[in-house]
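Novice: This is the structure, below, for whatever I ask next.
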Number of protein chains: 2
Amino acid sequence: MPVPAKLQMGSGQLVIDQLFTVAVNGARDARLDSGISRFLDQLSRQTGMPLLKQPADTAKASLVIHCENAGRKIQELSEDEAYTLEVTPTQATLTAPNTLGALHGLQTFLQLIEVTPAGFAVPALTIQDQPRFAWRGLLIDVCRHFLPLDVMRRNLDGMAALKMNVLHWHLSDDEGFRVESRKFPKLHEMGSQGQYYTQAEIREFVSYARDRGIRVVPEFEMPGHSRSIVVGYPDLASQPGTYPPGRVAGDATALDVTQEKTYKFLDKLIEEMAGLFPDAYFHIGGDEVDDKPWNSNPKIQEFIHAHGMKDNRDLQAYFNKRLERMVSKHGKIMMGWDEILHPDLPKNVVVQSWRGQESLAAAAKQGYRGLLSNGYYLDLMWPAARHYAVDPMSGAAAALTPEEAKLILGGEACMWAEYITPETIDSRIWPRLAPIAERFWSPQNVTDPKSMYQRLDEISWRLGWLGLTHESNYLPMLRRLAGAEDVRSLRVLADAVEPTKDYTRSEVFPQPPVQSVSLNRLVDAARPESATARHFAELVGSFVASGYKDSASEAQIRAWLVKWQGNHTNLKPLMERSFLLTEDLPLSEDLVTLSAACLQAIDALAKNQTLPDSWRTEQLAVVERSMKPRANLLIMIAPSIQKMIEAASPPASHP
Amino acid sequence: MPVPAKLQMGSGQLVIDQLFTVAVNGARDARLDSGISRFLDQLSRQTGMPLLKQPADTAKASLVIHCENAGRKIQELSEDEAYTLEVTPTQATLTAPNTLGALHGLQTFLQLIEVTPAGFAVPALTIQDQPRFAWRGLLIDVCRHFLPLDVMRRNLDGMAALKMNVLHWHLSDDEGFRVESRKFPKLHEMGSQGQYYTQAEIREFVSYARDRGIRVVPEFEMPGHSRSIVVGYPDLASQPGTYPPGRVAGDATALDVTQEKTYKFLDKLIEEMAGLFPDAYFHIGGDEVDDKPWNSNPKIQEFIHAHGMKDNRDLQAYFNKRLERMVSKHGKIMMGWDEILHPDLPKNVVVQSWRGQESLAAAAKQGYRGLLSNGYYLDLMWPAARHYAVDPMSGAAAALTPEEAKLILGGEACMWAEYITPETIDSRIWPRLAPIAERFWSPQNVTDPKSMYQRLDEISWRLGWLGLTHESNYLPMLRRLAGAEDVRSLRVLADAVEPTKDYTRSEVFPQPPVQSVSLNRLVDAARPESATARHFAELVGSFVASGYKDSASEAQIRAWLVKWQGNHTNLKPLMERSFLLTEDLPLSEDLVTLSAACLQAIDALAKNQTLPDSWRTEQLAVVERSMKPRANLLIMIAPSIQKMIEAASPPASHP
């Protein structure tokens, strides 16, 4: 995963043992060397074999790598990322135009290693592979919750494993300014609650990313989402006054873009940050500029009228135009969210769409390059298949001319950080990012969700070898909730629920600053997508499709139902002992009720009986309740049970 | 855990919420401050609550700490480690003579936090606590397998949580010299395979340990176990020639202690290392000096005769005497293993006993201080209860006079590293080290294994919050073995087996250097002590004790047996696909056979029937086979099943 562009199976396999060696016979540079060294470490880790690391020449090496050149000094969007991997029972050969392709090929090789009766091995095959899109990104927001660099690094490792090549680092927002600024030290001193990256750390991190074939595009939000800027520099704000650190819900801040000192400040800040981040692209945010701060400042409204603008949107366009000239002057290409789109901007600006393919297509028609993020918001807690079905070239984008279509550079998944912590972020990103990565890399016709899920189950545990904690943090969080070692019954419930979807999460206490909410509840431990519910739905689907005759499915369905029905007896005492679980009691009770109803349904179906309307009405009420958020959770087996209830008690058709 | 010396429960509880604060009103130093900061971080981690960290004065703080003084600049053996912790529903107070006691008290506080219906809380109580022994150590061998510093650090964190206070760092042995030496750089350059700690790393690590109330005692093995020294400095060896790096089994090396240059070398080396390690004690090894290298060098034998010595042991005593003077000159107290004991040595030398209480008592009778390690070897794969039952003051040591008894300083658990890697070491140390730590800390009469196991289950998952991987690495290792995500059936087997005990592990291939053996088999994933087997034995015990009438136990026994009996059907296909699991097939088959036999036994007992002799003979053969190592594993439920078989088919008593 992602599925390669072209794959041909051979016969036999290349055994990987402790004598495994790598030789390089083409261009060689430090990045390739460190890539090979990481590859060997990773191979050791995932197989548990210490490699003897004896030197080997091209003729005898297990894997021979040939790159034509090392690639650009600063990784570029236009670089060729293709590679060819040929594996025979005696040797593997990896060739690529440059190091980027070789790095991707090494990741493919690691994924191909499997345990066989004859040892660890890679099947004989030939892969010719290249990405569909040049821009395959992940946005990570470090403003709502700060993320230490080790968390960032392990997620970069995961991205590299999935052949993603852009980290979009959301570094400033209302809640925090996360970079040390030497020119304007009050930015990080007053606007970060002490949680920021030093410039030395940033440089090291950018180099870590480059080593893995990943560009780092920084984002500094302006003119909205800028509260963390005005905490230290209140005279840049549209409203006079002081801005205490820490955001309260409902705050709206915007820079005063009518005064020259704002531009002087930004010019210096952009100069400093442009020097810190080598990538050619510079993201200025530009989304969701609230009208309130500009409307309530008469000076600003006067400025709008005096300059013949019709509204705040025109003012933002004026700002963006000036901003673009500054960004350009400092050697960067400006990027922003949908809202920056305006015909006054030069055509090299890149628009990132959080709104959808329509605005992406609209931008392309005007000659602007664009990225799709709508449909790839990981914080919406969608199932993997839903993200997987979103294609940057679908909808309005499908109607573009070939020339216009070329302007769609790819996409970016977004991990907004209102409800994540270092403990939970991996489980929000992984494994669901893998199918999105496949969408950006693999041919457009790779769309089968069933095949995707099979590969997803496999990649998920393999990602654990990189230190990602999406699986390993699950049980510890359940144990914290229960205050006990034996959490089997809690796990049964946790496996059957999912966090509510979209932006429906609500907190039961008065909203404190987002960073101080305790994210230690069942909703935080539960996975965005329940594999249990998915498997149960497949079983119910098979059973229904068989006309209720598939006895293997029936037996498995019954086993699940019996487990769920009996679970509350064990879980209740745990729940009553823990204040964190009290809110989940109704969910556990309804799991029993749903299971009981489904068992009645399956009994009736087995006997070819029909259950009465009154029964159906009563049970469907429980189903409905289960599909509504409680404790910010949904019981995800409910839709499958609804199907069985309706099968066992079909509504009488009206005359 | 460890159980405190004195505990009195109060009524009510102190709720721990996000407003939790700590105030200090006595002596304050950097070590206490960093201890409090780590305490707050750990509190956050284990509760999942971000703390608001508002300042608080003594009157309002949740926890008030009062130390009389900061403790010695270099931690000493004689320091008072006592503390008193008083918790009321409104405030907790921790008082201690010095920072060491306060650090211990903070660990106690963390362990007391539990989840309750009213929030996280600590029960109201008063604890007056101090250690039974002043020396509570863990030896970690980093020679047979090198351990990176992050692995070392997380294990120090675990030791601190269990109130242990000495890390005995086994830094040189035949397989490696693990410290950078500036005076003799060939030691680490040629004798470490590139795996060593720099002096800067050592200094940082020692300070990390000191912050946690842990002394670091280095060990440099001499005159035996010294191959890694003579690789770079062959003219120190008893045999002329060159010593290629990397040890082969059967190699025996000893320094030539008859030549003056050996002493000049050691004097400089000890000077350098004494400067690097601030602790007052310096361990020179001294164990298992092989006779071969000395016997086969006529010059050395001549020296022995010329100096009126009778044998190699006298020569070692001569060496130790000179060594002790050097160690002393460089400001340290010499320690060594049993074999160094010799009346010529001054009385401040400390003897560490790997042989048992007898040699410990013998040393004490001669006026030497001693430590017990025999009985605490974690690499022997004993169950926790067996280590727990070993007391430094039992056996011959119990007969010492009170004066002599004072010379027993405590004990050290030993983690020898032939069969561990960074991936497996935590599971070999934890949780079994916890009861040993309790043995060293708690009153001598705390010996009930049942109570110990209850607390052990609790501490084990709590230790995971420190980043220890004894639980979290289990499933990933099983997944590697199976090459699959779903390893439920493999886990059923893995849960029921244990690695063979004592030094019986054998490798099926010609013995390569120990560091290059792949430690990725079921024996490496399996826990030293099977909780499943322990619980099953308890069930069988209850059932037998009830005269086969305890139906609750019977039902649970049957449930286990049915699971084991059916397991092979699911496991076999996994095993046949993986070369790593082939060797375990007979174990999985015997699990079925044993379970079937036990089900027959339980049926017979339920019906008050007796099964024939021939049946018993046949089944006991399987039991016997199961208790013999195969693939270096034992089926640990076999003894319980034997009990049931014999109950259902008692041998006819002879006339």
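Novice: Mind listing just one residue for me: the one in the range A:1-16 that is part of a strand (DSSP E or B) and of a type in the set (Gly, Ala, Ser) and, of those, surrounded by the most Cβ atoms within 10 Å (Cβ to Cβ)? Reasoning before the result, please.
Specialist: So the first thing to find is which residues in the range A:1-16 are part of a strand (DSSP E or B), and the list is A:6-16.
When the remaining residues are screened for being of a type in the set (Gly, Ala, Ser), the result is A:10-12.
Numbers: A:Gly10: 14, A:Ser11: 9, A:Gly12: 12.
Checking each candidate, the answer is A:Gly10.
Novice: Looking only at residues that are within 25 Å of A:Met326 (Cα to Cα) and over 27 Å from the mean Cα position of the chain (by Cα) in the range A:339-377, which one is surrounded by the most Cβ atoms within 10 Å (Cβ to Cβ)? I'd like the intermediate steps shown before the answer.
Specialist: Here is the first cut: in the range A:339-377, the residues within 25 Å of A:Met326 (Cα to Cα) are A:339-354, A:360, A:363-364, A:366-371.
Next cut, over 27 Å from the mean Cα position of the chain (by Cα) only: A:342-347, A:366-367.
Working: A:His342: 17, A:Pro343: 9, A:Asp344: 10, A:Leu345: 19, A:Pro346: 13, A:Lys347: 10, A:Gln366: 16, A:Gly367: 14.
Ranking the qualifying residues of the range A:339-377, first place goes to A:Leu345.
Novice: Among the residues of the range A:122-153, write down those that are within 30 Å of A:Ile202 (Cβ to Cβ) and part of a loop (DSSP other than H, G, I, E, B). Explain how you work it out, then say what you get.
Specialist: Applying the first criterion (within 30 Å of A:Ile202 (Cβ to Cβ)) to the range A:122-153 yields A:131, A:133-153.
Matches in the range A:122-153: A:Pro131, A:Phe133, A:Ala134, A:Val142, A:Cys143, A:Arg144, A:His145, A:Phe146, A:Leu147, A:Pro148.
Novice: Taking the stated definitions as given, is B:Ala631 surrounded by 16 or more Cβ atoms within 10 Å (Cβ to Cβ), in the same structural domain as B:Pro528 (by TED's automatic domain parsing) and touching a residue at least 40 places away in the same chain (Cβ under 8 Å)? Quick ask: steps written out before the conclusion?
Specialist: Values: surrounded by 16 or more Cβ atoms within 10 Å (Cβ to Cβ): yes; in the same structural domain as B:Pro528 (by TED's automatic domain parsing): yes; touching a residue at least 40 places away in the same chain (Cβ under 8 Å): yes.
Taking the combined requirement at face value, the residue satisfies it.
Novice: If the requirement is being more than 26 Å from the chain's Cα centre (by Cα) and among the aromatic types (Phe, Trp, Tyr), which of these qualifies: A:Tyr233, A:Tyr196, A:Tyr208?
Specialist: On the way: A:Tyr196 fails: more than 26 Å from the chain's Cα centre (by Cα); A:Tyr208 fails: more than 26 Å from the chain's Cα centre (by Cα).
Among A:Tyr233, A:Tyr196, A:Tyr208, only A:Tyr233 is more than 26 Å from the chain's Cα centre (by Cα) and among the aromatic types (Phe, Trp, Tyr).
Novice: Out of the range A:481-501, which residues are basic (Lys, Arg) and not in a helix (DSSP H, G or I)?
Specialist: Keep residues of the range A:481-501 that are basic (Lys, Arg), which gives A:488, A:491, A:501.
A:Lys501 - this is the single residue of the range A:481-501 that is basic (Lys, Arg) and not in a helix (DSSP H, G or I).
Novice: Select from the range B:429-453 the residues that are within 17 Å of B:Ala413 (Cβ to Cβ) and either in a helix (DSSP H, G or I) or among the acidic types (Asp, Glu) (or both) and list them in ascending order.
Specialist: Residues satisfying the conditions are B:Ile429, B:Leu433, B:Ala434, B:Pro435, B:Ile436, B:Ala437, B:Glu438, B:Arg439, B:Phe440, B:Trp441, B:Met452.
Novice: Does at least one position in the range B:509-516 carry a residue that is away from chain A (no Cβ under 14 Å) and either assigned to a helix (DSSP H, G or I) or under 30 Å from B:Ile602 (Cα atoms) (or both)?
Specialist: The answer is no; no qualifying residue exists.
Novice: From the residues in the range A:58-68 that are touching a strand residue (DSSP E or B) at 6+ places or on another chain (Cβ under 6 Å) and part of a loop (DSSP other than H, G, I, E, B), which one is farthest from the other protein chains (Cβ to nearest Cβ)? Give the derivation first.
Specialist: The initial filter retains those residues of the range A:58-68 that are touching a strand residue (DSSP E or B) at 6+ places or on another chain (Cβ under 6 Å), namely A:58, A:61, A:63-68.
So of that shortlist, the ones also part of a loop (DSSP other than H, G, I, E, B) come out as A:58, A:61.
Details: A:Thr58: 25, A:Ala61: 19 Å.
Of everything passing the filter in the range A:58-68, A:Thr58 is farthest from the other protein chains (Cβ to nearest Cβ).
Novice: Can you tell me which of B:Ala5, B:Ala27 is within 29 Å of the chain's Cα centre (by Cα) and among the small types (Gly, Ala, Ser)? Don't jump to the end; show me each part of the working.
Specialist: Values: B:Ala27 fails: within 29 Å of the chain's Cα centre (by Cα).
Exactly one of B:Ala5, B:Ala27 is within 29 Å of the chain's Cα centre (by Cα) and among the small types (Gly, Ala, Ser), namely B:Ala5.
Novice: How many of the residues making up the range A:31-56 are more than 14 Å from chain B (Cβ to nearest Cβ), at pLDDT below 95 and out of contact with any strand residue (DSSP E or B) (no Cβ under 6 Å at 6 or more places or on another chain)?
Specialist: Residues flagged as more than 14 Å from chain B (Cβ to nearest Cβ), at pLDDT below 95 and out of contact with any strand residue (DSSP E or B) (no Cβ under 6 Å at 6 or more places or on another chain) within the range A:31-56 amount to 1.
Novice: Another question, then. Just to check your reading of the model, which residue among B:Leu599, B:Leu585, B:Leu620 is outside any loop (DSSP other than H, G, I, E, B), touching a Leu at 6+ places or on another chain (Cβ under 7 Å), assigned by TED's automatic domain parsing to the domain that holds B:Arg527 and over 16 Å from B:Ser530 (Cβ atoms)? Show your work before the answer.
Specialist: Numbers: B:Leu585 fails: touching a Leu at 6+ places or on another chain (Cβ under 7 Å); B:Leu620 fails: touching a Leu at 6+ places or on another chain (Cβ under 7 Å).
Only one candidate qualifies: B:Leu599.
Novice: A further question follows. From the list B:Leu345, B:Leu315, B:Leu409, B:Leu371, which residue is more than 18 Å from B:Gly285 (Cβ to Cβ) and of a type outside the set (D, E, K, R)?
Specialist: Values: B:Leu345 fails: more than 18 Å from B:Gly285 (Cβ to Cβ); B:Leu315 fails: more than 18 Å from B:Gly285 (Cβ to Cβ); B:Leu371 fails: more than 18 Å from B:Gly285 (Cβ to Cβ).
The conditions single out B:Leu409.
Novice: Let me ask something additional. Return the only residue of A:Asn374, A:Asn348 being outside any helix (DSSP H, G or I) and closer than 27 Å to A:Pro449 by Cα. Even if it seems obvious, please write down each step before you answer.
Specialist: Details: A:Asn348 fails: closer than 27 Å to A:Pro449 by Cα.
Only one candidate qualifies: A:Asn374.
Novice: Filter the range A:274-300 down to the residues that are touching a Pro at 6+ places or on another chain (Cβ under 7 Å) and without any contact (Cβ under 8 Å) to a residue 12 or more places away in the chain and list them by number.
Specialist: If the condition is that a residue be touching a Pro at 6+ places or on another chain (Cβ under 7 Å) and without any contact (Cβ under 8 Å) to a residue 12 or more places away in the chain, then no residue fits.
Novice: Can you find, within the range A:563-587, the residue that is surrounded by the most Cβ atoms within 10 Å (Cβ to Cβ) among those that are within 14 Å of chain B (Cβ to nearest Cβ) and farther than 14 Å from A:Ser489 by Cβ?
Specialist: Residues of the range A:563-587 within 14 Å of chain B (Cβ to nearest Cβ): A:563, A:566, A:570, A:572-585.
Checking the rest, the ones that are also farther than 14 Å from A:Ser489 by Cβ come to A:579-580, A:582-583.
Details: A:Phe579: 17, A:Leu580: 25, A:Thr582: 13, A:Glu583: 17.
Step by step, filter the range A:563-587, then rank; the result is A:Leu580.
Novice: So which pairs qualify, if the first residue must be in the range A:173-201 and outside the structural domain of A:Ser516 (by TED's automatic domain parsing), the second must be of a type in the set (A, V, I, L, M, F, W, C) and in a loop (DSSP other than H, G, I, E, B), the Cβ gap must be under 7 Å, and the two must be at least 6 apart or on different chains?
Specialist: From the range A:173-201, the pairs are A:Asp173/A:Cys143; A:Glu175/A:Cys143; A:Gly176/A:Cys143; A:Gly176/A:Phe146; A:Arg178/A:Val142; A:Arg178/A:Cys143; A:Arg178/A:Phe146; A:Gln195/A:Phe146.
Novice: Moving to a separate point now. Kindly establish whether A:Leu456 is crowded, with 21+ Cβ neighbours inside 10 Å, more than 14 Å from every other protein chain (Cβ to nearest Cβ) and in a helix (DSSP H, G or I).
Specialist: Values: crowded, with 21+ Cβ neighbours inside 10 Å: yes; more than 14 Å from every other protein chain (Cβ to nearest Cβ): no; in a helix (DSSP H, G or I): yes.
Judged against the criteria, A:Leu456 is not a match.
Novice: Select, from B:Gly71, B:Gly26, B:Gly35, the only residue that is buried (at least 21 other Cβ atoms within 10 Å of the Cβ) and in a loop (DSSP other than H, G, I, E, B).
Specialist: On the way: B:Gly26 fails: buried (at least 21 other Cβ atoms within 10 Å of the Cβ); B:Gly35 fails: in a loop (DSSP other than H, G, I, E, B).
B:Gly71 is the lone residue from the list that is buried (at least 21 other Cβ atoms within 10 Å of the Cβ) and in a loop (DSSP other than H, G, I, E, B).
Novice: Return the pair list, or none, for Cβ contacts closer than 8 Å from residues in the range A:420-437 that are within 14 Å of chain B (Cβ to nearest Cβ) and over 28 Å from B:Ser44 (Cα atoms) to residues that are part of a loop (DSSP other than H, G, I, E, B) and of a type in the set (A, V, I, L, M), at least 6 apart or on different chains.
Specialist: Pairs found: A:Ala434/A:Met1; A:Ala434/A:Leu162.
Novice: Here is a further query. Kindly indicate whether A:Pro476 is more than 20 Å from the chain's Cα centre (by Cα) and either more than 10 Å from chain B (Cβ to nearest Cβ) or not polar (S, T, N, Q) (or both).
Specialist: Numbers: more than 20 Å from the chain's Cα centre (by Cα): yes; either more than 10 Å from chain B (Cβ to nearest Cβ) or not polar (S, T, N, Q) (or both): yes.
Judged against the criteria, A:Pro476 is a match.
Novice: Consider A:Arg313 against the criteria (1) buried (at least 18 other Cβ atoms within 10 Å of the Cβ); (2) under 31 Å from the mean Cα position of the chain (by Cα): it satisfies all of them except one. Which criterion is unmet?
Specialist: Every listed condition holds for A:Arg313 apart from (1).
Novice: Okay, next question. Restricting the search to the range A:98-121, which residues are within 29 Å of the chain's Cα centre (by Cα) and assigned to a strand (DSSP E or B)?
Specialist: Narrowing the range A:98-121 to residues within 29 Å of the chain's Cα centre (by Cα): A:98-114.
Of everything in the range A:98-121, those that are within 29 Å of the chain's Cα centre (by Cα) and assigned to a strand (DSSP E or B) turn out to be A:Asn98, A:Glu114.
Novice: Condition check: more than 14 Å from every other protein chain (Cβ to nearest Cβ) and buried (at least 21 other Cβ atoms within 10 Å of the Cβ). Does B:Ala96 satisfy that? Before the answer, list the steps.
Specialist: Numbers: more than 14 Å from every other protein chain (Cβ to nearest Cβ): yes; buried (at least 21 other Cβ atoms within 10 Å of the Cβ): yes.
So B:Ala96 passes the test.
Novice: Taking the stated definitions as given, is B:Asp426 part of a helix (DSSP H, G or I) and more than 30 Å from A:Asp457 (Cα to Cα)?
Specialist: Values: part of a helix (DSSP H, G or I): yes; more than 30 Å from A:Asp457 (Cα to Cα): no.
Taking the combined requirement at face value, the residue does not satisfy it.
Novice: Which one of these is of a type outside the set (Ser, Thr, Tyr), within 28 Å of A:Ile333 (Cβ to Cβ) and at pLDDT below 95: A:Gly224, A:Gly250?
Specialist: On the way: A:Gly250 fails: within 28 Å of A:Ile333 (Cβ to Cβ).
Among A:Gly224, A:Gly250, only A:Gly224 is of a type outside the set (Ser, Thr, Tyr), within 28 Å of A:Ile333 (Cβ to Cβ) and at pLDDT below 95.
Novice: Also: Which residue out of A:Arg625, A:Arg534, A:Arg630 is within 14 Å of chain B (Cβ to nearest Cβ), charged (D, E, K, R), within 30 Å of A:Ser518 (Cα to Cα) and touching a helix residue (DSSP H, G or I) at 6+ places or on another chain (Cβ under 9 Å)?
Specialist: On the way: A:Arg625 fails: within 14 Å of chain B (Cβ to nearest Cβ); A:Arg630 fails: within 14 Å of chain B (Cβ to nearest Cβ).
Only one candidate qualifies: A:Arg534.
Novice: Does the range B:479-499 hold any residues that are within 11 Å of chain A (Cβ to nearest Cβ) and of a type in the set (D, E, K, R), and which are they?
Specialist: Listed by number, the residues that qualify are B:Arg479, B:Arg480, B:Glu485, B:Asp486.
The values are calculated or read from the model by the stated rules, or taken from the named source; none is laboratory data. Since we're looking at a predicted model, the values are computed, not measured. Positions of Cβ are backbone-derived with ideal geometry, glycine not excepted, and every protein chain shown enters the neighbour counts.
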